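Note sheet for the following structure.
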Amino acid sequence: MIQMRHITKVYEKGIQALNDINVEIDRGEVVFITGPSGAGKTTFLKLIYAEIKPTSGLLFVSGKNVSSLPSRDVPYLRRRIGVVYQDFKLLYQKTVFENVAFALRVIGLSSAEIYRRTLKVLNIVELTHKKEAFPHQLSGGEQQRVAIARAIVNDPVLILADEPTGNLDAGIAANIMDFFMEANRQGTTLVVATHDREKALKMNTHVIQLDSGRIVG
Amino acid sequence: MIHPQTLGYFCKEAMINFKRAGAMTYASIGVITVTLFIMGIFLLLIVNLRLVQDALIKKASIIVYLKDNLPIETVQSIQTNISRQVNQASQIVYISKQDALEGFKKELSQYEDILAGVSGNPLPAYFEIKLTPSKIFSWERLKNIAIAIEKMEGIEGVNYGQKAVEVIGAITDVLRMFIIGIGFILGLATLIIISNTIELALFARQEEIEIMKLVGATPWFIRCPYLLEGMIHGLISGILSLGLLWLIYHFGLLKTFAANPIFLFLPQIKFISWQMMGSLIISSGFLGCLGSLLSLHYFLRSNRE
């Protein structure tokens with residue numbers, strides 16, 4: 001699903017975020033990227049959804065060479081990837097339903113199809129009863145479930161999550177992780193960035209430990 | 001192919017942006033309306049100067065003054081040559097030196113003192129050519145005829161109202177240049193105003209645009225509502241400026257002209273044509289789109305470049 005070959009990313013002013021990264025992530029795999037703040041976890045994810053280009057090296061996502069992907073093709077890559085953030089990135093003037101439907105609207109689906117698919121994923125994240133609520137009326141865990149619903153509504157082959165439980169209580173965090181694992185059981189590859197190495201190791205999956213832009217374990 | 005419901009979504013988003021910008025929207029439309037109105041005033045002026053030119057040409061005549069003591073054969077040959085230059089429907093009347101003097105005396109009959117001072121006959125014989133211009137007749141054509149006649153042998157001079165023609169022509173030319181110049185400046189101003197308004201809308205929705213990009217919206221999908229918004233700005237301003245222009249024309253210019261006898265010799269002033277109105281509205285809509293596109297260009301630049 002994801003192949004990184006000697007990936008290096010140097011930001012402006014010479015800040016080196018990743019240094020000679022070689023990674024292979026298989027289809028259907030669950031991978032945790034761990035490491036302290038500034039280790040390069042977010043850069044790792046941003047490279048995959050083509051928010052930034054690597055300075056050098058080769059990156060393939062689902063068979064596509066993302067390191068030299070033309071800008072016009074980026075939207076089509078992103079339609080196959082669901083991204084979830086620590087701060088949810090919801091639209092606060094839109095309802096729960098509209099927030100999820102938004103991801104389908106922008107790819108030009110019909111209203112009937114948008115309605116059907118949105119209700120289906122709201123049902124999966126157990127938020128059907130709150131579909132008319134606005135994000136500020138929801139708890140943190142519920143907001144993150146809306147973000148997950150938005151990420152999976154396109155039936156992505158890959159979900160990228162950047163500290164998805166960073167702002168949540170332990171109990172709620174476990175619940176959120178259950179939703180991710182459920183998506184993975186349906187065949188979606190999952191890449192989760194977290195600073196909590198212990199928790200990642202407990203999940204008994206592939207863990208990539210980053211420090212100062214290098215893989216250390 | 002855009003789904004009709006997606007088109008509906010674009011329109012809805014454009015209207016939301018439009019309303020959200022509030023005072024900024026009104027300010028932008030107000031300023032653009034005024035700039036387009038100024039353009040409209042110049043257009044109105046050009047259209048009506050053209051009408052004056054056309055009215056003058058309908059009354060066009062050429063007076064061909066002859067040299068004194070020309071043999072009758074030469075006069076006849078001049079007449080033949082003139083009739084070759086003008087179309088058949090035109091009238092060519094010969095006024096001899098004697099007839100010219102008599103006409104002069106008749107016109108000035110109440111000023112006997114002046115006439116008493118006139119010794120001999122200082123007036124030349126002349127041909128008066130009353131043209132019946134066809135629709136495609138132009139001042140250029142009239143001028144060419146007059147010049148051709150002037151070159152003939154035995155001609156003292158030709159008068160075809162060249163002064164009036166030249167003055168009006170020069171004014172129209174200057175105005176035309178002026179309108180091109182001012183149109184460019186006002187167009188640029190409109191572009192900047194719309195571009196700034198849209199940029200504010202874009203800043204207000206920065207997060208939404210980020211999320212749109214994240215879930216795979218194409219740049220054109222993101223642009224469309226803003227392009228529509230810019231176009232609506234332009235179109236509304238275009239329509240308002242024409243409305244304002246019409247009010248000025250109907251309640252200001254028409255009334256002033258009707259009340260003042262000085263303007264009686266002028267043709268009835270007219271409003272700008274439907275084509276011009278259409279062009280003004282379409283170009284303002286286009287400017288609106290372009291303004292949006294400018295701000296979007298900078299806003300949607302990818303971090304990957």
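Determine, yes or no, whether A:ARG27 is of a type outside the set (A, V, I, L, M), within 10 Å of chain B (Cβ to nearest Cβ) and either in contact with a Gly (Cβ under 9 Å, 6 or more places away or on another chain) or closer than 27 Å to A:GLU12 by Cα (or both).
Answer is no for this residue.
Please verify whether the stretch B:254-267 includes one or more residues that are within 14 Å of chain A (Cβ to nearest Cβ), part of a helix (DSSP H, G or I) and surrounded by fewer than 14 Cβ atoms within 10 Å (Cβ to Cβ).
No, that holds for no residue.
Suppose we keep only residues that are touching a residue at least 40 places away in the same chain (Cβ under 8 Å) and farther than 16 Å from A:ILE176 by Cβ within the stretch A:81-95. Which one would you say is surrounded by the most Cβ atoms within 10 Å (Cβ to Cβ)?
Step by step, filter the stretch A:81-95, then rank; the result is A:ILE81.
Every residue, every condition in (1) modelled with pLDDT of 90 or more; (2) part of a helix (DSSP H, G or I); (3) in contact with a Leu (Cβ under 6 Å, 6 or more places away or on another chain); (4) of a type outside the set (Asp, Glu), yes or no:
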position	(1), (2), (3), (4)
A:PHE88	no, no, no, yes
A:ASN99	yes, yes, yes, yes
A:ILE107	no, no, no, yes
A:LYS120	yes, yes, no, yes
A:HIS136	yes, yes, no, yes
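Restricting the stretch B:168-190 to residues that are in contact (Cβ under 8 Å) with a residue 12 or more places away in the chain and within 18 Å of B:ARG50 (Cα to Cα), which is surrounded by the most Cβ atoms within 10 Å (Cβ to Cβ)?
Top of the filtered list is B:ILE179.
Scan the stretch B:147-196 residue by residue and report those that are more than 25 Å from B:SER292 (Cα to Cα), of a type in the set (Phe, Trp, Tyr) and within 18 Å of the chain's Cα centre (by Cα).
B:PHE178
B:ILE193 is checked against (1) in contact (Cβ under 8 Å) with a residue 12 or more places away in the chain; (2) within 11 Å of another protein chain (Cβ to nearest Cβ) and fails just one. What number does that condition carry?
Answer for B:ILE193: the failing condition is (2).
Which condition number in (1) out of contact with any Lys or Arg (no Cβ under 7 Å at 6 or more places or on another chain); (2) crowded, with 18+ Cβ neighbours inside 10 Å; (3) under 18 Å from B:ILE209 (Cβ atoms) is the one that A:LYS131 fails?
So A:LYS131 meets the others, but not (3).
Name every residue in the stretch B:89-100 that is assigned to a loop (DSSP other than H, G, I, E, B) and closer than 15 Å to B:GLY154 by Cβ, in order of residue number.
Scanning the stretch B:89-100 gives a single hit, B:SER96.
Just to confirm my filter: which strands (runs of 3 or more DSSP E) fall fully inside the stretch A:157-217 and include at least 3 residues that are in contact with a Gly (Cβ under 6 Å, 6 or more places away or on another chain) and in contact (Cβ under 8 Å) with a residue 40 or more places away in the chain?
Details: elements: A:158-162, A:189-194, A:206-211.
Those strands (runs of 3 or more DSSP E) span A:206-211.
Consider B:GLY216 carefully, then state whether it is modelled with pLDDT of 85 or more and in a loop (DSSP other than H, G, I, E, B).
Spelling it out, B:GLY216 is indeed modelled with pLDDT of 85 or more and in a loop (DSSP other than H, G, I, E, B).
Looking at the stretch B:187-236, which of its residues are farther than 25 Å from A:TYR92 by Cβ and of a type outside the set (A, V, I, L, M)?
B:GLY187, B:THR190, B:SER195, B:ASN196, B:TRP220, B:GLY230, B:HIS233, B:GLY234
Quick one: in the stretch A:79-106, which of the residues that are basic (Lys, Arg) and in contact with a helix residue (DSSP H, G or I) (Cβ under 9 Å, 6 or more places away or on another chain) is nearest to the other protein chains (Cβ to nearest Cβ)?
Only one residue fits best here, namely A:ARG79.
Filter the stretch B:40-88 down to the residues that are among the hydroxyl-bearing types (Ser, Thr, Tyr) and either at positive phi or assigned to a helix (DSSP H, G or I) (or both) and list them by number.
B:THR74, B:SER77, B:THR80, B:SER83
Looking at (1) within 14 Å of another protein chain (Cβ to nearest Cβ); (2) assigned to a helix (DSSP H, G or I); (3) at pLDDT 85 or above, can you tell me which one B:GLU208 breaks?
Only one criterion is unmet by B:GLU208, namely (3).
Could you list all residues from the stretch A:109-118 that are surrounded by 15 or more Cβ atoms within 10 Å (Cβ to Cβ) and in a helix (DSSP H, G or I)? Can you show your working first?
Our first condition is that a residue be surrounded by 15 or more Cβ atoms within 10 Å (Cβ to Cβ); within the stretch A:109-118, this holds for A:109, A:111, A:114, A:117-118.
Passing the criteria: A:SER111, A:ILE114, A:ARG117, A:THR118.
Can you name every residue in the stretch B:137-167 that is in a loop (DSSP other than H, G, I, E, B) and either in contact with a strand residue (DSSP E or B) (Cβ under 7 Å, 6 or more places away or on another chain) or surrounded by 12 or more Cβ atoms within 10 Å (Cβ to Cβ) (or both)? Can you show your working first?
The initial filter retains those residues of the stretch B:137-167 that are in a loop (DSSP other than H, G, I, E, B), namely B:137-138, B:151-154, B:160-161.
Those that are in a loop (DSSP other than H, G, I, E, B) and either in contact with a strand residue (DSSP E or B) (Cβ under 7 Å, 6 or more places away or on another chain) or surrounded by 12 or more Cβ atoms within 10 Å (Cβ to Cβ) (or both): B:PHE137, B:SER138, B:MET152, B:GLY154, B:TYR160, B:GLY161.
Restricting the stretch B:12-25 to residues that are over 11 Å from B:ILE193 (Cβ atoms) and either of a type in the set (A, V, I, L, M) or at pLDDT 85 or above (or both), which is surrounded by the fewest Cβ atoms within 10 Å (Cβ to Cβ)?
B:ALA23
Restricting to the stretch A:138-156, what's the tally of residues that are away from chain B (no Cβ under 13 Å) and in a loop (DSSP other than H, G, I, E, B)?
The number of residues fulfilling the criteria is 2.
Specify which of the listed residues (A:ILE15, A:ILE2, A:ILE33) is surrounded by fewer than 18 Cβ atoms within 10 Å (Cβ to Cβ) and β-branched (Val, Ile, Thr).
Just a single option satisfies the conditions, and that option is A:ILE15.
If you scan the stretch B:211-230, which residues turn out to be among the hydrophobic types (A, V, I, L, M, F, W, C) and either more than 14 Å from chain A (Cβ to nearest Cβ) or within 30 Å of B:LEU51 (Cα to Cα) (or both)?
Correct list: B:LEU227, B:LEU228.
The values are calculated or read from the model by the stated rules, or taken from the named source; none is laboratory data. No experiment lies behind these values; they were computed from the predicted model shown. A quick note on method: Cβ atoms are made from the backbone with ideal geometry, for glycine too, and the neighbour counts reach across all protein chains shown.
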